[in-house]
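The values are calculated or read from the model by the stated rules, or taken from the named source; none is laboratory data. Note that the structure is predicted; figures quoted are calculated from it, not measured. Every residue, glycine among them, receives a Cβ derived from its backbone with ideal geometry; neighbour counts consider all protein chains shown. Only protein heavy atoms, including side chains, enter the accessible area calculation; ligands, DNA and RNA are left aside. Shrake-Rupley method; radii C 1.70, N 1.55, O 1.52, S 1.80 Å.
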Amino acid sequence: VEFAEHRLYNSGESTRHIDWKLAARTDKLFTKKYEEETNLRCQIVIDCSSSMLFPQHKDVSKLEFSVYAAASIIELLKRQRDAVGISLFTEKLDLHTQAKSSVTHHRYLYSELEKHLKIYNENDRKNTNSIQAIHDVAELCHKRSLIVIFTDLMDDQEREAQFFQALQHLKHNKHEVIVFHVVDKKTEIDFE
């Protein structure tokens, strides 16, 4: 718990949090308000397979959207002084960083995200194995964390049950899981 501010004392409140030193100087009663400090750890997992490069003719592909969304989450967590790490995967886990909250670590995360935006192009055909990657993340994240997954779920449809078992592996290890199903609405849902 961290001190946040002083507030005027209202009669009938508990006297437990009155700042007696300030009361002696001002002849008024003030209570201390506190802010609860959390120790959130977040692991952002991004699918970097070729299907995430779709649509190539538009301004923002699914991979670019995922990277921008991940960068926004990293910035929010940075402002809260929470630890964050990233995991990028194709057929295997290509990059996995531990969750840290230092400024240099955040710069490293941004540079890795930017680098992965630049190195993938339409000539690189990369398949995906999200099931194995999620199992690997579950084994590498030892402490309880928030796991945020960005994927288009373009894995083999017949392995859907195995995908949910991989998510259960994360839940079994006491992680909170959020899956963002990244799609291009116009070309993948509405078929315009």
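Between Leu140, Leu153, which is crowded, with 16+ Cβ neighbours inside 10 Å and in contact with a strand residue (DSSP E or B) (Cβ under 9 Å, 6 or more places away or on another chain)? So the residue among Leu140, Leu153 that is crowded, with 16+ Cβ neighbours inside 10 Å and in contact with a strand residue (DSSP E or B) (Cβ under 9 Å, 6 or more places away or on another chain) is Leu153.
If you go through region 9-45 and keep only what is touching a Lys or Arg at 6+ places or on another chain (Cβ under 7 Å) and part of a strand (DSSP E or B), you end up with Phe30, Thr31, Lys33, Arg41. On the basis of being closer than 19 Å to Leu109 by Cα, among the β-branched types (Val, Ile, Thr) and either open to solvent by less than 20 Å² (accessible area, probe 1.4 Å) or under 24 Å from the mean Cα position of the chain (by Cα) (or both), does Ile44 make the cut? In short, yes. Within the bounds of region 56-68, is there any residue that is within 30 Å of Asp190 (Cβ to Cβ), open to solvent by 60 Å² or more (accessible area, probe 1.4 Å) and charged (D, E, K, R)? Checking region 56-68: at least one residue is within 30 Å of Asp190 (Cβ to Cβ), open to solvent by 60 Å² or more (accessible area, probe 1.4 Å) and charged (D, E, K, R). When the helices (runs of 4 or more DSSP H) confined to region 46-154 are screened for residues that are in contact (Cβ under 8 Å) with a residue 24 or more places away in the chain, within 18 Å of Ile178 (Cα to Cα) and in contact with a helix residue (DSSP H, G or I) (Cβ under 9 Å, 6 or more places away or on another chain), those reaching at least 2 such residues are found at 62-79, 130-140.
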